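The structure under discussion appears below in the form of structure tokens.
The values are calculated or read from the model by the stated rules, or taken from the named source; none is laboratory data. A quick note: this is a predicted structure, and the numbers were derived from the prediction, not measured. In this analysis, Cβ positions are derived from the backbone assuming ideal geometry, glycine residues included, and neighbour counts consider all displayed protein chains.
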Amino acid sequence: MTTNTTTALAQLDLIAAHWTDLHQLRTARPHDAWPPASLQAYLRTVEEYDPSDRSAPVRLHVIDTIRTVELVLIPLADHIASRIQRPVINAATGKGWSDDLHRQAALLSARDSADPTRWQYTGTRTGQHAAQWLAARLRQQPGPFRPLNLREVEEIQHIAAGAAERVEHALGIRRRTVGTGHICGCGGELFLEGGDGRPPTLVCDACARSLTLADAAA
Ligand SMILES: [Zn+2]
């Protein structure tokens with residue numbers, strides 16, 4: 001298994017593991033928004049503060065993320081399944097056969113169709129299920145599939161990277177840095193670091209002075 005495959009697997013696992021969190025966050029109160037409202041309020045009291053485009057409510061962002069991830073992962077699973085998933089074993093019916101061999105063939109066909117490892121092209125399909133199914137194919141878990149070829153692995157890697165990044169951003173589990181447009185006492189610009197669940201910090205890019213949000217509000 002290559003490094004890239006391992007990375008794609010970690011990304012798909014992350015999406016599947018946090019899918020429930022995403023749905024819960026969809027209805028969460030906007031106090032989880034990042035940058036935190038308290039910091040924005042603080043900066044606004046210091047001087048005129050332009051929140052630019054970072055003031056969008058977090059819920060819209062989360063709903064957008066769920067939709068976007070499903071819009072790429074489900075069609076990707078459809079596409080990959082259409083290439084690697086063996087069609088259901090067909091037992092001809094309706095021809096009046098009642099012999100034991102035909103009965104067994106019909107049973108085999110029904111069992112093959114109901115195989116839970118199969119990707120279903122219809123019905124309820126979620127981003128979580130698509131991520132799990134694609135991860136299982138990268139892990140070469142058994143089922144009615146041929147192995148992925150290099151191009152298919154690359155297609156999955158490409159999509160998984162973007163989808164995982166969106167999920168991490170929506171959940172606030174990736175630490176980010178944004179400029180605040182505010183100037184430190186030394187003349188450098190203050191940057192805000194946070195978004196990963198740990199306390200946000202204001203850091204000067206020149207003198208490396210660092211303030212927690214609590215310090216800044218004091
Ligand atoms: Zn400074």
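Being within 26 Å of T7 (Cα to Cα) and either modelled with pLDDT under 90 or touching a Phe, Trp or Tyr at 6+ places or on another chain (Cβ under 8 Å) (or both) is the requirement here; does G127 meet it?
When the stated conditions are applied, G127 passes them.
Within the stretch 103-120, identify whether any single residue is touching a strand residue (DSSP E or B) at 6+ places or on another chain (Cβ under 7 Å) and more than 21 Å from T2 (Cβ to Cβ), and answer yes or no.
Yes; the residues of the stretch 103-120 include at least one that is touching a strand residue (DSSP E or B) at 6+ places or on another chain (Cβ under 7 Å) and more than 21 Å from T2 (Cβ to Cβ).
Contact list please: Cβ distance under 7 Å, first residue in the stretch 189-211 and among the charged types (D, E, K, R), second residue outside any strand (DSSP E or B) and more than 13 Å from the ligand (Cβ to nearest atom), pairs at least six apart or on different chains.
Matching pairs, first to second residue: E193/R175; E193/P200; D196/G172; D196/I173; D196/R174; D196/R175.
Filter the stretch 124-151 down to the residues that are touching a residue at least 12 places away in the same chain (Cβ under 8 Å) and over 17 Å from A164 (Cβ atoms) and list them by number.
R125, Q141, P142, G143, P144, F145, R146, P147, L148
Considering L211, L190, L202, which residue is touching a Cys at 6+ places or on another chain (Cβ under 6 Å) and within 16 Å of the ligand (Cβ to nearest atom)?
Residue meeting the stated conditions: L190.
For the stretch 118-166, enumerate the residues that are among the aliphatic types (A, V, I, L, M) and either under 22 Å from V62 (Cα atoms) or in contact with a Cys (Cβ under 9 Å, 6 or more places away or on another chain) (or both).
Residues satisfying the conditions are A130, A131, I159, A160, A161, A163, A164.
Here's a check for you: in the stretch 158-212, which residue that is buried (at least 18 other Cβ atoms within 10 Å of the Cβ) and more than 31 Å from the chain's Cα centre (by Cα) is farthest from T5 (Cα to Cα)?
My answer is C184.
Can R166 be described as charged (D, E, K, R), part of a helix (DSSP H, G or I) and either modelled with pLDDT of 95 or more or away from the ligand (no atom under 16 Å from the Cβ) (or both)?
yes
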